[in-house]
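Okay, structure first, notes after.
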Amino acid sequence: MKSPATIGLSAQRKEGLGKVTGQARYVDDITLPDMLHGATVRSRIPRGKIKKIIFGRGIPWDEYVIVSAKDIPGKNYIALIENDQPCLADGVVNHPEEAILLLAHPDRHALPKAVAAVSIEYDRLPPVFTIEESERQSEIIWGTDNVFKRFLVQKGDVDAVWEKADHVVEGEYFTGAQEQLYIETNGMIAAFDAKKGVTVWGSLQCPFYVHKALMALFNLPEDKIRVVQTETGGGFGGKEEYPSMIAAHAALLAMKSGQPVKIIYDRLEDMAATTKRHPSRTRHRTAVSKDGKILGGEIDFTIDGGAYETLSPVVLSRGTIHAGGPYYWPSVRIRGKAVATTAPPHGAFRGFGAPQSLFAMERHMDRIAQVVGVTPVEIRRRNFLKQGQTTTTEQIVRDPIDLEKLFGRALELADYDAKKKRFAYENERGPKKKGMGLAAFLHGAGFTGSGERYLSSVVGVEGRADGGVRVVVSSTEIGQGTNTVLCQIAAETLCLPYEDVEIAQPDTMDVPNSGPTVASRTAMVVGKLVESAARGLEQTLVGCGMLAERHTAEEFRAACRNYVAARGTFRSLARYEPPSDVFWDDEHYRGEAYATFAWAVYVAEVTVDLTTYGVTVDDFVALQEVGKVLNPVLARGQITGGVAQGIGFALYERVEWRDGRMQNSQMTNYIMPTSADLPPIRVFFEELGNAHGAYGAKGIGELPMDGPAPAVVNAIEDALGVAFDSIPLLPENIFDAVTVDAQPQSR
Amino acid sequence: MSDSVSQCEFSLRVNGVQTFVRACSMERLLDVLREKLGLTGTKEGCGEGECGACAVLMDGELVDSCLVPVVQAAGSSIVTIEGLAVDSRFRALRETFLEYGGAQCGICTPGMMLAAVNLLDKKPAPTMDDIREGLSGNLCRCTGYAQILEAVAEAARRGAAR
Amino acid sequence: MRSDPADYEIVAPGNLQDVVMLMGDNPGALLPIAGGTDVMVQYAAGTLRARKLVNIWNLPDLRRVEVLAAEIQIGAGSTYTDLREHAVVKSEFPLLSRAASWIGGISNQNRGTLGGNIANASPAGDSLPALLAYGAELILVSVRGERRVAYRDFHKDYKKMDLAADELIRAICLAREFKPYISYTRKVGTRNAQAISKVCMAALGRMEHGVIADARIAVGSVAPVPLRLMETERVLNGKRLESSIALLARKTAAEEIRPIDDIRSTARYRSAVVGNLVAEFLERLGAPAAGHE
């Protein structure tokens, strides 16, 4: 069946057939000859010095390959930003589940008992488990003051607004850790060859991050490290940086044993030991005029980074920049801070700081509304950013975005006014209380500030012998549709049918570095480069006279075949050029933070059943402006999936911490929504276009994560008249709040 | 090391083919399928019977193969995603999963399709509630379920059931 | 997967009689495994202590439902799907068929067994309050023969049962006398499907001329064992349905249970919700036209 080729149509998933027939090969489906299995011995205490390692009796240790920090040929760290995270603990552990030793054996069943038989004696060191404890600095666990990073955003004269304010509204908001919970756990296979170097295959989002980390660890040059992405069963950021760690582990075992090694985490290990969303605390203090206009304010945004820095500065950056929401702030001071605690390092998870700070902003808007005496609808109307105004970082809004109009459309789609009226009446009777909640927000697409310039992504489009083309990028398919969308773009540009375009499996030996698959940049930034590279390819054929400027698909194929026959396969490359009108001041954290923003308004309808204090989301409207919808089915899938995760973030997904370790590290006890828990999620798009994105696309992958939690919690407040400022918000928390007189700040 | 239990021969019908495997009685059907028979389409997502990624049909009933010791599958008929993949009766389901975006990362897809087939066997004209219930034991982290449910509903409309 | 299959053995005699004999020869040495929905989870987590198991999955003598005049005898090996699909269970024992429908997804229902739910003895077992409310009796079998025990006396303490080391639960007997009763059952879990229960209530009430003739209320997840709320029933029986009685029943129920804080919920919450569910049950009694849930 021929699928539509062009942009704006729902071309079928490029790798879809393999997925619906069970033929798709994920890392655990792959076996190499003579392959060993690997496992990790991890710290069972929060923090301490390693005194002694005892290999227990009853295990034939000579059958096992054992690797420790001493076996690392290069640097014992996982190269990222600060390089403070060891690959293997050497003398000291700084968090529960920290990797200490690696074991390999031909029989994977022989590993758990061996891991259990290793006992380690420690001299314990005092742990620090919360943001508050970390801030107290009575125990320093990182650097000189437990602070990984600070940012300061200042606009206008904040100190002068307090006098002019008719209202000063304060609030403190908390979000908890959240587990990415990709259904495929982390896994890697590694092979080591004295001449060829290290090769790893695995579940990952960023092949060149892994490549960079392995270079440092093995002290090998670029061409001696090869990273290949296997079909990846979900990432959501959870496979942005963590795969470097597991790849390093598998590769060390492969080096020591001389055989390929496969490490697959089971769910218990994956949840307890790998990254989660940064817990956050946001404090707002806002000066508001009597007619509800924001005059200025202070925002204090703090995230818990766990024991090592890893990506915390970047998460902090995005959270800080988004902390003011889609509103006009004449003046503002935003202090962002990432602190260290004794927990496995927190990491990337869809939204990357923005869901945290936007939760606070949208809850705070409802609070401001209450204080001022207007509705949640009105308070937002009076403060929406308009085209030509500046954001908190003084970026001029160039999009012809009309948030007022978008807002109005969302309210209409949600039947907001009618339902509010009806619920006010119905809530008088019975234990079921209904409410409506809003969230308006934005999400910057692509890397922040000079990030894209720094990445300097390169993309290739190749002409093939059969006349078709192949896209070569390091951007990975993790379910979001990379393969499909990039092939659509190439096809559209070259006037070819979608079926004639292939995309290479990301293999660092074969593909150029188009940057990591994160930050909602793939369709927009990488896609634009695919468009450029495709044009370059076309120009090559036109330039040598084999193809006319205006050609049919068949003519293109013929020209391509001829070219390849004469000169071999050829590759057209395109490198990222930063737009001339995007300026970012990294020192003062001011300027054009992102090439563009996507905008959204979400509306949630909930029922709170006071018999069980349980919340049901009955209806959800997700309206967003995303530039150009390249593939409607895929785009909608991103939104429904993101909204589901956002509802989980708000109502279900609680990490139970004890002494820095996740206690509920099984799917039975870490609750994500099932099909029975979600409402119909009604998705709508507006398209304003985007000069910087492929065919006008903006990023959409992370946007849907920002809105659901505040929309749902705002709806719960509407239903009950009780404010909740902390998520996840469980029935137990609602119960605690409604059965005491005062408004609680329960955590 | 404790006395290892010897392996036995188990006979089961897998995707219509009479199959003999040598395994320990306690080996999980999931591992027998994946490691001994090379049928890697069935996935492990949690090992606790919560996610449904390992779902197969055992004598026509949907079961989580991570919870079935192979001795209990002896003599039974197992259908995995590989069996569905070549069964023309389920072409409509494969097509709708692709058309409606029912598969994103694909890791839940085999289990999800097995659950869908099992549902459509019992309820050839299911309501949305029936579909939601029939698939409630299969977790998907990518889609929010919407497009999966729609794919199943459309497959039913196209007469995907036996 | 944290266990080595080579360290375990499941013997499969193939019929109940041989299983019973084997267990008689090796009291306490063989762990029966039916649908595996509890045992295999422990096995994968590396926490299964038993090394030798005996297979009782799909044994004809265990997996059947016998309908007699005065009672039905549900074979302990009946799955939740079997219960959901059985005409008499559906029509006369709705508390049980409802519980079977929310015990997990379809795949769990196809494998989990009623006997397994009882023998696993988790206070959160979804079917257990229904069995208590119906006043179930268990038929236990061993080489010494069969004996019948009231289910309400079966659980002695947390995970301690009146089950000898060589005994097996063969059947669960429910008297066919509940047609005149209004039934109410509700599970409060961590989510709408595939959830461990935080509170689970199964209740029956028979009204006679506006007076509560027989109230039977059972709750799970609020004590080391599933509980019949005897005190609460005493407060209700023989009374008219009035708000003062409803209030007293709610208060008594909250005091009667012994919930704890655990990984899923808190004691305070469970107490409050039990009170609310009792109130909801009484509302159901007051409006019998609404039928059972």
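Considering A:Ser726, A:Ser665, A:Ser746, the condition of being among the hydroxyl-bearing types (Ser, Thr, Tyr), farther than 30 Å from B:Cys66 by Cβ, at pLDDT 95 or above and touching a helix residue (DSSP H, G or I) at 6+ places or on another chain (Cβ under 9 Å) is satisfied by A:Ser726 alone.
Looking at (1) polar (S, T, N, Q); (2) away from chain A (no Cβ under 14 Å); (3) in contact with an Asp or Glu (Cβ under 7 Å, 6 or more places away or on another chain), which is the one condition that is false for C:Thr185? C:Thr185 satisfies every listed condition except (2).
Results for (1) in contact with a helix residue (DSSP H, G or I) (Cβ under 9 Å, 6 or more places away or on another chain); (2) among the polar types (S, T, N, Q), shown as yes or no for each residue.
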residue	(1), (2)
A:Phe151	yes, no
A:Asp159	no, no
A:Gln178	yes, yes
A:Thr185	yes, yes
A:Ile189	yes, no
A:Val198	yes, no
A:Gly202	yes, no
A:Val210	yes, no
A:Val227	yes, no
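Return yes or no: is B:Ala151 in contact with a Phe, Trp or Tyr (Cβ under 6 Å, 6 or more places away or on another chain), without any contact (Cβ under 8 Å) to a residue 60 or more places away in the chain and either surrounded by fewer than 18 Cβ atoms within 10 Å (Cβ to Cβ) or in the same structural domain as B:Thr96 (by TED's automatic domain parsing) (or both)? Spelling it out, B:Ala151 is indeed in contact with a Phe, Trp or Tyr (Cβ under 6 Å, 6 or more places away or on another chain), without any contact (Cβ under 8 Å) to a residue 60 or more places away in the chain and either surrounded by fewer than 18 Cβ atoms within 10 Å (Cβ to Cβ) or in the same structural domain as B:Thr96 (by TED's automatic domain parsing) (or both). Across the stretch C:73-111, which residue is surrounded by the most Cβ atoms within 10 Å (Cβ to Cβ) among those that are among the small types (Gly, Ala, Ser) and at the interface with chain B (Cβ under 9 Å from one of its Cβ atoms)? Among those that are among the small types (Gly, Ala, Ser) and at the interface with chain B (Cβ under 9 Å from one of its Cβ atoms), it is C:Ser107.
Only one of A:Glu184, A:Glu222 is closer than 25 Å to A:Met705 by Cα and more than 16 Å from the chain's Cα centre (by Cα). Can you tell me which? Selected residue: A:Glu184, the only one of A:Glu184, A:Glu222 that is closer than 25 Å to A:Met705 by Cα and more than 16 Å from the chain's Cα centre (by Cα).
Yes or no, residue by residue, for (1) among the small types (Gly, Ala, Ser); (2) touching a Leu at 6+ places or on another chain (Cβ under 8 Å); (3) within 19 Å of C:Ile33 (Cβ to Cβ):
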| site | (1), (2), (3) |
| --- | --- |
| B:Ala23 | yes, no, yes |
| B:Met26 | no, yes, yes |
| B:Leu33 | no, yes, no |
| B:Glu44 | no, yes, no |
| B:Leu57 | no, yes, no |
| B:Leu67 | no, no, yes |
| B:Ala73 | yes, yes, yes |
| B:Thr80 | no, yes, no |
| B:Leu93 | no, yes, no |
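Can you tell me which residue among C:Leu53, C:Leu31 is without any contact (Cβ under 8 Å) to a residue 24 or more places away in the chain, within 12 Å of chain B (Cβ to nearest Cβ), touching a strand residue (DSSP E or B) at 6+ places or on another chain (Cβ under 8 Å) and hydrophobic (A, V, I, L, M, F, W, C)? The conditions single out C:Leu31. What residue, among those in the stretch A:282-328 that are of a type in the set (Phe, Trp, Tyr) and either touching a Cys at 6+ places or on another chain (Cβ under 6 Å) or closer than 17 Å to A:Val153 by Cβ (or both), is surrounded by the most Cβ atoms within 10 Å (Cβ to Cβ)? Of everything passing the filter in the stretch A:282-328, A:Phe301 is surrounded by the most Cβ atoms within 10 Å (Cβ to Cβ). Scanning the stretch C:176-194 for any residue that is assigned to a strand (DSSP E or B) and surrounded by fewer than 18 Cβ atoms within 10 Å (Cβ to Cβ) turns up nothing.
Each residue in the stretch C:196-214 was checked for being free of Cβ contacts under 8 Å to residues at least 40 places away in the same chain and either small (Gly, Ala, Ser) or part of a loop (DSSP other than H, G, I, E, B) (or both), and 3 of them qualify.
Evaluated against (1) in the same structural domain as A:Phe649 (by TED's automatic domain parsing); (2) assigned to a loop (DSSP other than H, G, I, E, B); (3) on the phi < 0 side of the Ramachandran plot, A:Gly233 falls short on exactly one condition, (1). Regarding the stretch A:476-488, can at least one residue be identified that is acidic (Asp, Glu), touching a residue at least 24 places away in the same chain (Cβ under 8 Å) and surrounded by 19 or more Cβ atoms within 10 Å (Cβ to Cβ)? Yes, the stretch A:476-488 contains a residue that is acidic (Asp, Glu), touching a residue at least 24 places away in the same chain (Cβ under 8 Å) and surrounded by 19 or more Cβ atoms within 10 Å (Cβ to Cβ). Scanning the stretch C:216-238 for residues that are part of a loop (DSSP other than H, G, I, E, B) and without any contact (Cβ under 8 Å) to a residue 60 or more places away in the chain yields C:Leu229, C:Asn237, C:Gly238. Do the conditions hold for A:Ile681, that is, is it free of Cβ contacts under 8 Å to residues at least 24 places away in the same chain, among the aliphatic types (A, V, I, L, M), at the interface with another protein chain (Cβ under 8 Å from one of its Cβ atoms) and in contact with a Phe, Trp or Tyr (Cβ under 8 Å, 6 or more places away or on another chain)? No. Evaluation of C:Ile263 against the conditions (1) among the β-branched types (Val, Ile, Thr); (2) over 20 Å from C:Leu95 (Cβ atoms); (3) at pLDDT 95 or above shows that the sole unmet condition is (3).
May I ask you to verify whether B:Leu30 is within 13 Å of chain A (Cβ to nearest Cβ), at pLDDT 95 or above and either assigned to a helix (DSSP H, G or I) or more than 21 Å from A:Arg108 (Cβ to Cβ) (or both)? Against the criterion (within 13 Å of chain A (Cβ to nearest Cβ), at pLDDT 95 or above and either assigned to a helix (DSSP H, G or I) or more than 21 Å from A:Arg108 (Cβ to Cβ) (or both)), B:Leu30 qualifies. Here A:Tyr670 fulfils each of the conditions (1) out of contact with any Phe, Trp or Tyr (no Cβ under 8 Å at 6 or more places or on another chain); (2) more than 9 Å from chain B (Cβ to nearest Cβ); (3) touching a residue at least 12 places away in the same chain (Cβ under 8 Å); (4) more than 22 Å from A:Gln356 (Cβ to Cβ) apart from (4). The number of residues in the stretch C:1-28 that are within 11 Å of chain B (Cβ to nearest Cβ) and under 20 Å from C:Leu168 (Cβ atoms) comes to 6. Note on the stretch C:125-160: residues that are within 20 Å of C:Thr37 (Cα to Cα) and either surrounded by fewer than 20 Cβ atoms within 10 Å (Cβ to Cβ) or assigned by TED's automatic domain parsing to the domain that holds C:Arg186 (or both) total 3. None of A:Val530, A:Val525, A:Val542, A:Val564 is of a type outside the set (D, E, K, R) and under 30 Å from A:Arg335 (Cα atoms) except A:Val525. Here is the figure for the stretch C:10-20: residues that are in contact with a Leu (Cβ under 9 Å, 6 or more places away or on another chain) and either over 17 Å from B:Cys66 (Cα atoms) or surrounded by fewer than 19 Cβ atoms within 10 Å (Cβ to Cβ) (or both) total 7.
Quick check: anything in the stretch B:60-71 surrounded by fewer than 21 Cβ atoms within 10 Å (Cβ to Cβ), outside the structural domain of B:Glu27 (by TED's automatic domain parsing) and among the acidic types (Asp, Glu)? No, that holds for no residue. Counted as qualifying within the stretch A:20-111 are no strands (runs of 3 or more DSSP E), as none has 3 or more residues that are touching a Gly at 6+ places or on another chain (Cβ under 6 Å), surrounded by fewer than 21 Cβ atoms within 10 Å (Cβ to Cβ) and on the phi > 0 side of the Ramachandran plot.
The values are calculated or read from the model by the stated rules, or taken from the named source; none is laboratory data. This one's a predicted model, so the numbers in the text were calculated from it and none came from an experiment. Cβ sites come from the backbone with ideal geometry, for glycine too, and all protein chains shown count toward neighbours.
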